[in-house]
Amino acid sequence: MRTPVIAANWKMNTTIPEANNLVSQMKYKLNLMENIEIIICPPFISLSVIKELLKGTSIETGAQNMYSEKEGAYTGEISPQMLRGLCEYVILGHSERRFYFSENDDIVNKKIKSALMYDLKPILCIGESLIEKESNKTEEILSEQLDKGLHEIANNKDLIIAYEPLWAIGTGMAANGEEANITIKFIRDKMAQLWNKTTSDALRILYGGSVKSNNIIEFVSKPDIDGVLVGGASLKAKEFLNIANQIDNYQQ
Ligand code: PEP
């Protein structure tokens with residue numbers, strides 16, 4: 001049995017008071033949901049405020065990125081050492097980081113290794129572009145992202161993989177649940193080759209891309225999809241609660 005996950009990626013949204021307000025609106029209801037693991041990933045500057053606000057609840061936090069070095073002359077960067085204690089998870093390899101900040105699989109690989117060294121659980125994002133999908137390259141692209149991103153990384157059940165097709169992120173064009181399940185099954189099989197079947201069966205693999213309250217069941221009702229990474233819809237308290245509630249109830 002894999003515990004389903006709902007992770008909120010707030011991206012570059014919310015000031016500290018807005019972040020505080022958003023979590024305050026949701027935390028009591030989210031904390032009553034016993035069948036799901038909930039991870040809130042606000043901007044760095046709000047992590048400590050939110051961690052404090054969530055004290056005594058089962059809701060966890062995640063960073064949206066980090067640098068791979070422990071400390072030093074890397075102006076503007078945040079290290080895994082700094083994140084320790086502020087969050088349990090860290091999103092790595094998000095397509096927006098790959099696209100806008102030229103992060104490649106080697107950089108992502110260094111970051112994953114470093115996160116694990118500091119006991120942060122990585123949420124590794126992978127996904128294909130529309131052109132790659134249309135030229136039937138999805139499996140090739142995902143395989144490469146996993147081979148390179150997880151190079152020299154040993155079996156680790158704490159890793160979460162988020163399958164986020166680029167064409168579905170922030171576009172309102174969510175993937176079809178059946179197709180997403182087939183692709184996620186492919187990722188699971190690939191992980192069985194890369195690591196082993198026991199670990200791959202235990203890994204949580206999420207879908208992400210335009211998830212909303214009106215399509216969530218299409219994803220979480222599929223056997224290989226273990227939850228969702230939610231971007232835009234996680235910024236609206238009512239909508240996010242609705243999505244989380246549906247997952248929580250679906251599992252019962
Ligand atoms: C994301 O940023 O990871 C994401 C899935 O965004 P959205 O839900 O807005 O498509």
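The values are calculated or read from the model by the stated rules, or taken from the named source; none is laboratory data. Owing to the predicted nature of the structure, the values given are computational and were not obtained by experimental measurement. Virtual Cβ from ideal backbone geometry, glycine too; neighbours counted across all protein chains shown. Heads up: the accessible areas ignore ligands, DNA and RNA and are worked out on the full protein's heavy atoms, side chains in. Shrake-Rupley method; radii C 1.70, N 1.55, O 1.52, S 1.80 Å.
Just subtract the alpha-carbon distance of residue 156 and residue 143 from 0.36 nm times their residue separation and send over the number in nm, one decimal. The partial results should precede the final answer.
Numbers: separation 13, 0.36 × 13 = 4.68 nm, distance 1.78 nm.
Net length gain for the segment: 2.9 nm.
Each residue of segment 88-102 was assigned a 3J(HN,Hα) from its phi angle through the Karplus curve 6.51 cos²θ - 1.76 cosθ + 1.60 (θ = phi - 60°); the sequence is 8, 10, 8, 6, 10, x, 4, 4, 5, 6, 5, 7, 7, 10, 6 Hz, with glycine and proline shown as x.
Each Lys and Arg contributes +1 and each Asp and Glu -1, all at the Cβ; summed about the Cα centre of the chain, the dipole is approximately 560 debye. Full extension of the chain between residue 2 and residue 182 yields a length gain of 63.0 nm, computed as 0.36 nm times the residue separation minus the alpha carbon distance.
What helices does the chain hold that run 24 Å or longer along their axis, going by alpha-carbon atoms, with a Kyte-Doolittle average of -0.5 or more, using DSSP H for the helix calls?
Details: long enough: 177-194 (25 Å, -0.29).
The answer, listed by residue number, is 177-194.
Dividing the mean sequence gap of close Cα pairs (under 8 Å, 6+ apart) by how many residues segment 28-144 holds gives a relative contact order of 20 percent.
Counting only protein heavy atoms and a probe of 1.4 Å, the accessible surface of the chain is 51% carbon and sulfur. When the Cα atoms of segment 181-234 are aligned to their principal axes, the ranges along those axes come out at 35, 18, 15 Å in descending order. The GluC sites (Glu not before Pro) found in segment 100-205 that occupy coil by DSSP, while having at most 15 further C-beta atoms within 10 Å, are 152. With the helix formula -39500 (n - 2.57) applied to DSSP H stretches of n ≥ 4, the chain reaches a computed 222 nm mean residue ellipticity of -13000 deg cm²/dmol.
Taking each of 113/212; 110/222; 111/157; 51/133; 29/190 in turn, the alpha-carbon distance tops 27 angstrom for 113/212; 110/222; 51/133; 29/190. What residues from segment 197-224 fall in the zone where the backbone N is under 13 Å from a label point 7 Å along the Cα-to-C-beta line of residue 189? The answer is none, because no backbone nitrogen lies closer than 13 Å to the label point.
With the alpha-carbon atoms as the only input, what is the per residue convex hull volume for the chain in Å³? Could you put the intermediate results ahead of the total?
Values: hull volume 29.5 nm³, N = 252.
So the per-residue Cα hull volume is 117 Å³.
Round to the nearest 10 and report in Å² the accessible area of residue 101, as given by a 1.4 Å probe over the protein chains' heavy atoms. The value for residue 101 is about 120 Å².
Let me know the volume per residue of the alpha-carbon convex hull for segment 97-219, in Å³.
Details: hull volume 13.7 nm³, N = 123.
With only Cα atoms used, segment 97-219 gives 112 Å³ per residue.
One Cα centroid belongs to segment 201-231, the other to segment 148-185; the line between them spans 10 Å.
Taking 0.36 nm per intervening residue step and subtracting the Cα-Cα distance, what contour gain separates residue 134 from residue 48 on full extension?
26.7 nm
Inter-part distance, segment 30-51 to segment 86-142, computed on C-alpha centroids, equals 21 Å. When only Cα pairs below 8 angstrom with a gap of at least 6 residues are kept, the chain shows a relative contact order of 21 percent. Between the residues 202, 26, 249, the greatest Cα displacement towards the positive end of the dipole of the chain, with unit charges on the Cβ of Lys, Arg, Asp and Glu, is found for 26.
Probing with 1.4 Å while keeping every protein chain in the model, the per residue accessible area of the chain equals 47 Å². Evaluated with a Cβ-only charge set (Lys, Arg +1; Asp, Glu -1), segment 121-252 carries a dipole of roughly 380 debye about its Cα centre, given to the nearest 20.
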